Amino acid sequence: SQELLHHDEL
Amino acid sequence: MNIFRLTGDLSHLAAIIILLLKIWKSRSCAGISGKSQVLFALVFTTRYLDLLTSFISLYNTTMKVIYIGCSYATVYLIYMKLKATYDGNHDTFRVEFLIVPVGGLAFLVNHDFSPLEILWTFSIYLESVAILPQLFMISKTGEAETITTHYLFFLGLYRALYLINWIWRFYFEGFFDMIAIVAGVVQTILYCDFFYLYVTKVLKGKKLSLPA
């Protein structure tokens, strides 16, 4: 699964 | 950051401020769905827990604090301070029919099975349907105050602009988040009927009343 380190969007 | 995401965030901020000011200045939350506002407060709470764990930028942190603050202030005004003006008889959408499926889906379809990520996914799915109690209430009362329609317009516009932001980011950064995109498309589609009425009626100076 696509690892998203952190979500930079609000 | 790109112009579409920035405009989207500012449109979202405008919607939140318009609603808070409308309720505060008129000392009335008539026509406003308290249930939708509780859902939005839940969306922000579950999505912005990373305020405690990671710092992205001053802009990011500031906007998150403002969103959370305003949404709780709005819920406070509706259910406590101005409770007498809350139209509970028309705000009857069964939110458990939203929260349970969305909660289940967040467990099944997510990027990472960690508590923070599942809560973030829950908030993305919940946001896409959080406006339903409000739209349902308008269909029940058969009308909406003009200021409320402006609130809904900016709220719907924000996620539509985010869709363009995601196209931009895919093209220029190769970034895409399928969960946010699919939920954002669903969310924007739910506003289409309202957008039509807003453009054909409200922008022509008429009152928004249903049936159209």
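The values are calculated or read from the model by the stated rules, or taken from the named source; none is laboratory data. From a predicted model like this one, the values you see are computed outputs, not experimental measurements. We place every Cβ from the backbone using ideal geometry, glycine too, and count neighbours over all the protein chains shown.
Observations, loosely collected:
- Subset tally (residues that are of a type in the set (Val, Ile, Thr) and within 14 Å of chain A (Cβ to nearest Cβ)) for the range B:178-209: 3
- Exactly one residue among B:Thr149, B:Thr141 is in contact with a Gly (Cβ under 7 Å, 6 or more places away or on another chain) and farther than 19 Å from B:Val43 by Cβ, and that residue is B:Thr141.
- Some residue of the range B:87-99 being in a helix (DSSP H, G or I), under 30 Å from B:Leu210 (Cβ atoms) and either aromatic (Phe, Trp, Tyr) or within 14 Å of chain A (Cβ to nearest Cβ) (or both): yes
Residues checked against (1) at pLDDT 95 or above; (2) closer than 24 Å to B:Glu145 by Cβ; (3) assigned to a loop (DSSP other than H, G, I, E, B); (4) basic (Lys, Arg):
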| position | (1), (2), (3), (4) |
| --- | --- |
| B:Cys29 | yes, yes, yes, no |
| B:Ile32 | yes, yes, yes, no |
| B:Lys35 | yes, yes, no, yes |
| B:Leu39 | yes, yes, no, no |
| B:Leu42 | yes, no, no, no |
| B:Val65 | yes, no, no, no |
| B:Tyr72 | yes, yes, no, no |
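- Taking (1) part of a helix (DSSP H, G or I); (2) touching a residue at least 24 places away in the same chain (Cβ under 8 Å); (3) within 14 Å of chain A (Cβ to nearest Cβ) in turn, B:Ile118 satisfies each apart from (2).
- Positions within the range B:76-86 being surrounded by fewer than 17 Cβ atoms within 10 Å (Cβ to Cβ) and either under 18 Å from B:Thr45 (Cβ atoms) or touching a residue at least 12 places away in the same chain (Cβ under 8 Å) (or both), in sequence order: B:Tyr76, B:Tyr79, B:Met80, B:Thr85
- The number of residues in the range B:70-86 being small (Gly, Ala, Ser) and within 14 Å of another protein chain (Cβ to nearest Cβ) comes to 1.
- Only one of B:Ile164, B:Ile124, B:Ile181, B:Ile147 that is in contact (Cβ under 8 Å) with a residue 12 or more places away in the chain and closer than 25 Å to B:Gly31 by Cβ: B:Ile147
- The test for being modelled with pLDDT of 95 or more, within 14 Å of another protein chain (Cβ to nearest Cβ) and farther than 18 Å from B:Phe122 by Cβ holds for B:Asp9.
- Of the residues in the range B:17-34, at least one is crowded, with 17+ Cβ neighbours inside 10 Å and either within 14 Å of chain A (Cβ to nearest Cβ) or within 21 Å of B:Leu161 (Cα to Cα) (or both).
- Given (1) more than 11 Å from chain A (Cβ to nearest Cβ); (2) out of contact with any strand residue (DSSP E or B) (no Cβ under 8 Å at 6 or more places or on another chain), index of the condition B:Asn60 fails: (1)
- Any hit, the range B:89-99, residues being farther than 26 Å from B:Ile18 by Cα, at pLDDT 95 or above and touching a Lys or Arg at 6+ places or on another chain (Cβ under 8 Å): no
- Looking only at the range B:127-177, residues that are outside any helix (DSSP H, G or I), touching a helix residue (DSSP H, G or I) at 6+ places or on another chain (Cβ under 7 Å) and within 14 Å of chain A (Cβ to nearest Cβ) come to 2 in all.
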